[in-house]
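Since the structure comes first, as structure tokens, the remarks are kept for the end.
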Amino acid sequence: MWRRAPHDAPHAERIEIALVHRPKYDDWSHPKGKLKRGEDVLRGALREVHEETGYDCVPGARLPTVRYLANGRPKEVTYWAAEAADGHFVPNAEVDRLLWLPPSGARLRLTRARDRALVDDLLAALHMA
């Protein structure tokens, strides 16, 4: 999820990216979650982003699907370049903090390399790379 930065931001930092802190894993990542049985992938992504961040968003370009092992089990996460709309973050058991950072700051804060690569994918999708 991203939003437009203040108008006085440098060209390379014209957007801010939402990162969430998950206390269970003590990590910083992009909002994501699990689909409900039979749920459409995009609908599930929008629902999970709202549950974790409190924000509705407008989906844009589909970003690469990320595959990895978590506790020995295969995981697959599909991402979109989703622009934040209305909302307000309220800490919860799953996500206790939300940060809006410029791309350079997001890369530094993200815990995993696979999540850092998505910053570049987002910038490319927004024609900012």
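Given the convex hull over the Cα atoms of segment 10-67, what projected area results after averaging over all orientations, in nm²?
In nm², the orientation-averaged hull projection of segment 10-67 is 5.6.
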What does the accessible area per residue of the chain come to in Å², with a 1.4 Å probe and no ligands, DNA or RNA counted?
-> 60
Okay, which of segment 66-101 sit inside 20 Å, backbone N to the point 7 Å along the Cα-Cβ direction of H50?
-> 78-96, 98
Taking Cα pairs closer than 8 Å and at least 6 residues apart, the relative contact order of segment 22-129 in percent is 28
If you project the alpha carbons of the chain onto their three principal axes, what span does each projection cover, largest first, in Å?
-> 43, 28, 27
Only helical DSSP H runs with n ≥ 4 go in: add -39500 (n - 2.57) per run for the chain, normalise by residue count and round the 222 nm mean residue ellipticity to 500 deg cm²/dmol.
-> -7500 deg cm²/dmol
Extending each Cα 7 Å along its Cβ direction at R73 and S104, get the distance between those two points in nm, one decimal.
-> 4.0
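For the chain, which whole percent of the accessible surface, found with a 1.4 angstrom probe, sits on carbon and sulfur atoms?
Working: 4030 of 7800 Å².
Ligands and nucleic acids excluded, carbon and sulfur reach 52 percent.
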Between R37 and E94, the two model label points (7 Å from Cα along the beta-carbon direction) sit apart by a distance in nm of 1.9
Can you check what the net charge comes to around P6, using other residues whose Cβ is under 10 Å from the Cβ of P6 (Lys, Arg +1; Asp, Glu -1)?
-> -1
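The values are calculated or read from the model by the stated rules, or taken from the named source; none is laboratory data. Note that the structure is predicted; figures quoted are calculated from it, not measured. Don't worry about glycine lacking a Cβ; one is built from the backbone with ideal geometry, like all the others, and counts go over all protein chains shown. For the accessible areas, the whole protein counts, side chains as well, though only heavy atoms, and no ligand, DNA or RNA atoms are used. Shrake-Rupley method; radii C 1.70, N 1.55, O 1.52, S 1.80 Å.
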